[in-house]
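Structure, as structure tokens:
None of the figures in this text is laboratory data; all of them are computed from the coordinates on show. None of the values given here were measured: they were computed from a predicted structure. Every residue, glycine as well, gets a Cβ built from its backbone with ideal geometry; the counts of neighbours run over all protein chains shown.
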Amino acid sequence: MISPLLAILSVSLLHAGVQDAPETAEEHASGEPVLVLEEAPQPSALHLHADTYAAYHSDVDAAGRRELTSVLALDETMDSLAAYYTDGRLVDAQIAYAALVASQHPEFIDAVRAIADYYGAGVTAASLMNDPVFVTGFMGADTASQNVVGALTTDTTTMNTVASRYREAAYDLQGQTWARARAHDRRTRLEQIESGSVRLQTPFRMAENGNGRRLGAASDLFGASASAPRPEAPAPSLSLTVGQSQLQPDERRVGRILAVAALQSIESGDMRAMDVLLADPAVGRCIVSARLNLAQCVAAGHFKYEDAFCIAEHALEEVAECLTTTRAPINE
């Protein structure tokens, strides 16, 4: 017996013209409309990686907002960040996210597809895999590169801002009884850092939290800036300096990111062709080193306030340095 709600829904769909879908044999025989529910499209592997990067910055934002009034608060910050620092997951995630930023530039994507149409998708994909810097010469690649570097520089700047808060807390907390008590949980702390990746869950989905806005820095998805309207992403200029020399985009890293965006546009998101570009071994080793330095710092500490310094120095600042997409120009 058909429930009244289903009967009403079926009639409504009939009048709305939903029955225009191809008839099944049973439908044709009975002459009655059949309700067909289509499954929602699943996010691509590239988007899932990018969601992990956004989730990481949600944890950075939470670390910046967390009230440091207990042992648990410091432990939560350390564990939530360290969970991303194994298996190369944060490296893959950052490159995937930045590739989505680059893919928002039609001139660049049109140039990629035009070259793929002329030389063939296979030849173009092979060229991108063999030499990612090759893509930086495409039309529109300069603007895409600037926005990628601008977005990721904003993210690392945010990490360093949160790090400064924890560095200051390492001094301020020395006046708190709970923070200057001798820490007896060093082995437990180290085990938590080591096993954090096993417990990591990243339910965050950009499609559910970005409000359809143009994709920029992941850190802009959270905090006060999350509710502010975002302009049409003008090409940012880098203001960071080393001595008297302005930092320059790291051509190798940015080329890798743009190559992933290019492959996505001509390979229908075939992640098998992108795995090599998503995995940046040098950056992965850098992050693993930061995690090991975090563990050594914690092991050497005797008081809980010292954990705030370890978080600032290794869980944030050192990782931010690993993830940077800029470099000081080489003096020739």
Exercise. Each residue of the stretch 90-106 in turn: what ³J(HN,Hα) in whole Hz from Karplus with 6.51, -1.76, 1.60 and θ = phi - 60°, glycine and Pro shown as x?
Worked result: 6, 5, 4, 5, 5, 5, 5, 4, 5, 5, 5, 4, 5, 6, 7, 9, x
Problem set entry | Separation in nanometres of the label points that stand 7 Å from Cα toward Cβ, at residue 251 and residue 44 | 2.7 nm
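Per 0.36 nm of contour for each residue apart, how much would the distance between residue 168 and residue 133 grow if the chain were fully extended, relative to their Cα-Cα spacing?
Numbers: separation 35, 0.36 × 35 = 12.60 nm, distance 4.04 nm.
Length gained, residue 168 through residue 133: 8.6 nm.
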Exercise. Taking 0.36 nm per intervening residue step and subtracting the Cα-Cα distance, what contour gain separates residue 195 from residue 123 on full extension?
Worked result: 21.7 nm
Exercise. Stretched out fully, how many nm does the piece from residue 187 to residue 288 gain, at 0.36 nm a residue minus the Cα gap?
Worked result: 34.4 nm
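Tell me, what is the FRET efficiency for residue 296 and residue 142 to the nearest 0.05, using R0 = 41 angstrom and their Cβ-Cβ distance as r? Mind showing how you got there, number by number?
Values: r = 42 Å, r/R0 = 1.02.
Using R0 = 41 Å, I get an efficiency of 0.50.
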